[in-house]
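J.: I'd like to ask some things about the structure below.
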Amino acid sequence: MTAVNSREIRIFVAILAVSIASVSCRKAATAPLEVGPVRPAKEAITQADQFYAGRADLVKVRQAVVALRQAQADHPSDYDIAWRLAKYNYYLGAHTPEPREQEKAFRDGIEAGKQAIQLQDSKPDGHFWLGANYGGAAQSSLLAGLSEVEEIKGEMETVLKFDAGYESGSAYMVLGQVYLEAPKLLGGDTQKAIDYLEKGAKLGPDNALLKVTLAKAYAAEHRNAEAQKRIDALMTMKVTPGYEPEYAEAVAEAKKVQEKLK
């Protein structure tokens, strides 16, 4: 073999090697990314519930919301994910000190509640948490009016049709709050509030927030002895495991009511 032929062969081999490498790179670039296995919905819900159990720390609530959003991307038709998103967003909106986060949480909660109702219209969870988010959004808005009040009432009345004892009578509590806090021009009526709250108290004797709301209603009607009785019952009740944050909120509110009774 001549020197020329040997050099030409080496050049040809080098070109061939470069061509093969180029093809391999193109294949690697255009090859589809491998997608990991979809996480089961129940597993994601369990993790989110564990985060939410530590809701006294809002970071945990935010983690729960993120976990559910990711799960919903994989399971868009899962009812239990949808209503939990509404619930957790409501809690975040009701407790965050940041106005923008509050607005977004209630807005996302309303959307999740609507999704839950579309998936399971005959169950109470979606209706309750949709109504709760309507209420949270209305309280944070200066433009809340009759339409918002009626939306809250409508969802809570639907809950009562399906399960009057849902969340220890909480639908009665929300209706009571609406009538207690709404101006008279929007249907506010303290006696109606008391009527709803008393019904709820019979169904949810362990509902601390309901107790303090009823105490507020009695105080608004100058029924101070009855208000004090509810506060005393709250302060001495056995806390339901898992509801310690709500109990702490109720106690803090009860102390404010008690100061006004003096």
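The values are calculated or read from the model by the stated rules, or taken from the named source; none is laboratory data. Quick caveat: nothing in here was measured; it's all calculated off a predicted structure. The area values use the complete protein model at the heavy-atom level, side chains included, leaving out ligands, DNA and RNA. Shrake-Rupley method; radii C 1.70, N 1.55, O 1.52, S 1.80 Å.
J.: Would you mind calculating the relative contact order of segment 119-200 from Cα pairs under 8 angstrom and at least 6 residues apart, reporting the percent as a whole number?
T.: Result for segment 119-200 is 26 percent.
J.: Tell me the per residue accessible area of segment 108-262 using a 1.4 Å probe; a whole number in Å² is fine.
T.: Ligands and nucleic acids excluded, the result is 51 Å² per residue.
J.: Taking the full set of protein chains and a 1.4 angstrom probe, give the accessible area of residue 62 in square angstrom, rounded to the nearest 10.
T.: 80
J.: Further question on the same structure: Top to bottom by accessible area (1.4 Å), largest first, where do 256, 42 land?
T.: Output order, biggest surface exposure first: 42, 256.
J.: For segment 186-226, what % of the accessible area comes from carbon and sulfur atoms, probe 1.4 Å?
T.: The nonpolar share, carbon plus sulfur, comes to 50 percent.
J.: Something else: How large is the convex hull of the Cα atoms of segment 103-192 per residue, expressed in Å³ as a whole number?
T.: Values: hull volume 7.5 nm³, N = 90.
Residue-normalised Cα hull volume stands at 84 Å³.
J.: Here's another thing I want to ask about it. Straight-line reach from residue 256: which lysines have a Cα under 18 Å away, not including same-chain ones fewer than 8 places off?
T.: 211, 216, 229
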